[in-house]
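What follows is a single structure, written as structure tokens, with notes after it.
What follows is calculated from the coordinates using simple rules that are stated; it is not laboratory data. If you're wondering where the values come from, they're calculated on a predicted model, not measured in any experiment. Counting neighbours? That spans all protein chains shown, and the Cβs are built from the backbone with ideal geometry, glycine included.
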Amino acid sequence: MVEIWKNFCPEYRSTDEELVRLFLESRDNRYFRELYERYALKVYQKCFSLTRNEERAEDIMQDVFVKLVNKMGTFKTGAKFSTWLFTITHNHCLDVARISGRKGIIVTGEVPAIEQGESPVLSALGDDEFDLPALKAALNRLRVEDKAVIYLRYLDDRSIRDIARFCEATESATKMRLLRSRRKLRKWYQKLSGGMDFF
């Protein structure tokens with residue numbers, strides 16, 4: 001029965017890019033609803049990774065999908081929908097942080113994917129053992145742009161190319177931004193954990 005239903009409903013067997021085209025041609029909400037179902041959780045997780053606040057992340061996620069409806073006509077044929085959507089999400093999170101007048105987005109809960117001895121962020125710091133409260137405090141000292149590239153690279157395992165697309169920058173500029181962000185994080189971490197004082 002499910003297979004028969006899917007044969008009559010093209011949204012279930014269409015690629016993301018086909019769903020965009022079908023939505024633009026028909027303005028039928030079922031195509032947009034399918035995109036929403038496929039990506040709502042991922043967009044929420046991206047918002048939460050930057051805000052560390054469930055309610056705020058959910059509000060921002062809804063804003064992203066409202067923005068998506070209005071921007072759908074700008075989607076370029078041949079582009080990958082997921083990359084385009086995450087670029088919109090990333091930029092919207094940065095805009096929200098700027099509008100709120102905060103230099104960084106505060107980490108209130110556990111830093112994702114950080115357990116003793118298993119942290120890609122801490123491998124960037126060069127420490128085998130670490131002080132989790134100092135790391136959280138160090139991340140909180142970073143500007144939102146610096147925190148974003150660190151999260152994208154080390155927690156989301158995004159390539160430099162993907163991060164460059166998200167940030168609308170060249171790959172070389174993105175590498176430099178990531179290098180500077182890592183240096184800032186290392187300095188704050190070492191200062192706050194009682195290590196060498198760089199300041």
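Proximity of backbone amide H atoms, modeled 1.01 Å from N, is registered between K80 and no other residue at under 5 Å, excluding neighbours fewer than 5 places apart on the same chain.
For the stretch 1-101, what is the relative contact order in percent, using Cα pairs closer than 8 Å and at least 6 residues apart in sequence?
Numbers: 63 pairs, mean separation 24.0, N = 101.
Here the relative contact order equals 24 percent.
Listed peptides 26-33, 57-64 appear in the order 57-64, 26-33 once ranked by packing, highest mean of other Cβ atoms within 10 Å at the front.
Quick one: order T15, T83 by neighbouring beta-carbon count within 10 Å, fewest to most. If you can, show how the numbers build up before the last one.
On the way: T15 10, T83 14.
The most exposed by this proxy come first: T15, T83.
From the Kirkwood radius over Cα pairs of the stretch 1-101, Stokes-Einstein at 25 °C and 0.890 mPa s returns a whole-number translational diffusion coefficient of 170 µm²/s.
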